[in-house]
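**Q** Before I ask anything, let me first share the structure, which is written out below as structure tokens.
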């Protein structure tokens, strides 16, 4: 009986963490209706592509033998505010692709819509840190610092512990196998 009770308490803890993750993900977004529309668009895009692996392959170059380890919905912090999207963690890279297109001004002055993408080769990641809001510790963040001191902040994860664990494993694995070459900025991409 004790094992049964402890097992159920553990499951309740997992459910509580998931509910907390969903609340955090929704809280960051602009409006609940906008979030719902965005998630429906994202779901349709994933279905049209044939799954998240294909979304990854369509948006980022994937070398032979590279494996997608984890995909998480989250927000990328930018100077104009958080951008909702998918975080991809593979055996070679960490990549982010926005759920929807953003408007940018072109050199001709016209506005063009593009997806916001970030690609960081694992060997260029100096470290990844877990952080939390001092006033509300349930609000968790991931900071990724590259070898050339660029910082990327991610937040609003549905399952923060799992995503952070996969990121740590991927970075650790790449540092054990990567040759010691000096990092160059042109090997990190911000689309």
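The values are calculated or read from the model by the stated rules, or taken from the named source; none is laboratory data. The model shown is predicted, which means the values in this text are computed figures rather than measured ones. Please note: Cβ atoms are built from the backbone with ideal geometry, for glycine as well, and neighbour counts cover all protein chains shown.
**Q** Just to confirm my filter: which strands (runs of 3 or more DSSP E) fall fully inside segment 52-115 and include at least 2 residues that are more than 16 Å from the chain's Cα centre (by Cα)?
**A** Those strands (runs of 3 or more DSSP E) span 93-105.
**Q** Any idea how many residues of segment 154-165 are more than 21 Å from residue 83 (Cβ to Cβ) and either in contact (Cβ under 8 Å) with a residue 24 or more places away in the chain or touching a strand residue (DSSP E or B) at 6+ places or on another chain (Cβ under 7 Å) (or both)?
**A** Adding up the residues that qualify gives 2.
**Q** Moving on to the next point. May I ask you to verify whether residue 188 is in contact with a strand residue (DSSP E or B) (Cβ under 7 Å, 6 or more places away or on another chain), modelled with pLDDT of 75 or more and either within 23 Å of residue 83 (Cα to Cα) or surrounded by fewer than 18 Cβ atoms within 10 Å (Cβ to Cβ) (or both)?
**A** So residue 188 fails the test.
**Q** Any idea which of 96, 111 is buried (at least 16 other Cβ atoms within 10 Å of the Cβ) and touching a strand residue (DSSP E or B) at 6+ places or on another chain (Cβ under 9 Å)?
**A** Checking each option against the conditions leaves just 96.
**Q** Also, quick follow-up: With the condition kept exactly as written, say whether any residue in segment 130-146 is surrounded by fewer than 18 Cβ atoms within 10 Å (Cβ to Cβ), touching a residue at least 24 places away in the same chain (Cβ under 8 Å), in a strand (DSSP E or B) and touching a strand residue (DSSP E or B) at 6+ places or on another chain (Cβ under 7 Å).
**A** Yes: segment 130-146 contains one or more residues that are surrounded by fewer than 18 Cβ atoms within 10 Å (Cβ to Cβ), touching a residue at least 24 places away in the same chain (Cβ under 8 Å), in a strand (DSSP E or B) and touching a strand residue (DSSP E or B) at 6+ places or on another chain (Cβ under 7 Å).
**Q** Being surrounded by 12 or more Cβ atoms within 10 Å (Cβ to Cβ) and more than 13 Å from the chain's Cα centre (by Cα): is that true of residue 121 here?
**A** yes
**Q** Test residue 154 against the criterion of being in a strand (DSSP E or B) and either at pLDDT below 90 or under 11 Å from the mean Cα position of the chain (by Cα) (or both), and give yes or no.
**A** Considered against the rule, which asks whether it is in a strand (DSSP E or B) and either at pLDDT below 90 or under 11 Å from the mean Cα position of the chain (by Cα) (or both), residue 154 comes out as yes.
**Q** Is it true that residue 89 is under 28 Å from residue 173 (Cβ atoms) and modelled with pLDDT of 85 or more?
**A** Yes: the conditions hold for residue 89.
**Q** Select, from 168, 143, the only residue that is farther than 14 Å from residue 96 by Cα, at pLDDT 95 or above and within 17 Å of the chain's Cα centre (by Cα).
**A** Step by step, each of 168, 143 is checked, and only 168 is farther than 14 Å from residue 96 by Cα, at pLDDT 95 or above and within 17 Å of the chain's Cα centre (by Cα).
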